[in-house]
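Notes to accompany the following structure.
The values are calculated or read from the model by the stated rules, or taken from the named source; none is laboratory data. This one's a predicted model, so the numbers in the text were calculated from it and none came from an experiment. Note that we place each Cβ from the backbone using ideal geometry, even for glycine, and neighbour counts take in every protein chain shown.
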């Protein structure tokens, strides 16, 4: 039987702001779209700079993973996009709180800009089954 593929949607994370899903779940993995520090209720960036945005982006990922039947302890790979690499230490300290043991493989990349004027965006791939 061919592998299944389903879109993941939860109101506990911001709705997609384009033609994409919050995540796609297969039988074995969850592929989460990049999350900004957007408040799910208002759709606006949280106040407080890169620290608050990092925490909100990771909370958004956590909600999506939960909706897909996974969790942060099952994340195997992330990508972090920062508008300014001088924010790396701040982001990294908060990121470590979400992945205290066996942290996933990761790339961190500086980008020219992010949607909605965000300072950080994080995507993830996690095991599901």
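Restricting attention to region 1-39, report how many residues are touching a residue at least 60 places away in the same chain (Cβ under 8 Å) and closer than 23 Å to residue 91 by Cβ.
Final tally of qualifying residues: 10.
Among the residues of region 16-37, how many are part of a loop (DSSP other than H, G, I, E, B) and either within 13 Å of the chain's Cα centre (by Cα) or within 20 Å of residue 106 (Cβ to Cβ) (or both)?
Initially, region 16-37 is screened for residues part of a loop (DSSP other than H, G, I, E, B), giving 16-22, 27-28, 36-37.
Next, only the ones that are either within 13 Å of the chain's Cα centre (by Cα) or within 20 Å of residue 106 (Cβ to Cβ) (or both) stay: 16, 21-22, 36-37.
The qualifying residues number 5.
Residues 82, 65, 114, 61: which one is farther than 14 Å from residue 33 by Cβ and surrounded by 14 or more Cβ atoms within 10 Å (Cβ to Cβ)? First the steps, then the outcome.
Values: 65 fails: farther than 14 Å from residue 33 by Cβ; 114 fails: farther than 14 Å from residue 33 by Cβ; 61 fails: farther than 14 Å from residue 33 by Cβ.
Answer to the selection: 82.
Picking from 52, 96, which residue would you name as being surrounded by 14 or more Cβ atoms within 10 Å (Cβ to Cβ), at negative phi, part of a helix (DSSP H, G or I) and without any contact (Cβ under 8 Å) to a residue 24 or more places away in the chain? Break it down stepwise before answering.
Working: 96 fails: surrounded by 14 or more Cβ atoms within 10 Å (Cβ to Cβ).
The match here is 52.
Restricting region 109-129 to residues that are assigned to a strand (DSSP E or B) and more than 20 Å from residue 23 (Cα to Cα), which is nearest to the chain's Cα centre (by Cα)? Before you say what the answer is, go through the steps one by one.
Going through region 109-129, the residues assigned to a strand (DSSP E or B) turn out to be 109-110, 120-127.
Keeping just the survivors that are more than 20 Å from residue 23 (Cα to Cα) gives 109-110.
Numbers: 109: 14, 110: 16 Å.
So, considering only residues that are assigned to a strand (DSSP E or B) and more than 20 Å from residue 23 (Cα to Cα), the one nearest to the chain's Cα centre (by Cα) is 109.
Restricting the search to region 1-15, which residues are assigned to a loop (DSSP other than H, G, I, E, B) and surrounded by 19 or more Cβ atoms within 10 Å (Cβ to Cβ)?
Step one: of region 1-15, the residues assigned to a loop (DSSP other than H, G, I, E, B) are 1-4, 9-15.
Within region 1-15, 13, 14 qualify.
Please tell me if residue 42 is without any contact (Cβ under 8 Å) to a residue 12 or more places away in the chain and closer than 21 Å to residue 120 by Cβ.
It is true that residue 42 is without any contact (Cβ under 8 Å) to a residue 12 or more places away in the chain and closer than 21 Å to residue 120 by Cβ.
What number goes with the only condition from (1) in a helix (DSSP H, G or I); (2) under 11 Å from the mean Cα position of the chain (by Cα); (3) closer than 11 Å to residue 120 by Cβ that residue 80 does not pass?
Just one mismatch for residue 80, condition (1).
What are the pairs with Cβ atoms under 9 angstrom where one residue, in region 99-128, is without any contact (Cβ under 8 Å) to a residue 40 or more places away in the chain and at negative phi and the other, located anywhere, is part of a loop (DSSP other than H, G, I, E, B) and surrounded by fewer than 15 Cβ atoms within 10 Å (Cβ to Cβ)? Sequence gap at least six, or different chains.
Final answer for the pair search is 110/84.
Could you run through region 111-129 and say how many residues are over 20 Å from residue 55 (Cβ atoms) and modelled with pLDDT of 95 or more?
Quick first cut of region 111-129, residues over 20 Å from residue 55 (Cβ atoms) only: 112-113, 125, 127-129.
Remaining after also requiring modelled with pLDDT of 95 or more: 112-113, 125, 127.
Result for region 111-129: 4.
For region 30-48, name all the residues that are surrounded by fewer than 20 Cβ atoms within 10 Å (Cβ to Cβ) and farther than 16 Å from residue 115 by Cα.
Answer for region 30-48, where residues must be surrounded by fewer than 20 Cβ atoms within 10 Å (Cβ to Cβ) and farther than 16 Å from residue 115 by Cα: 31, 41, 48.
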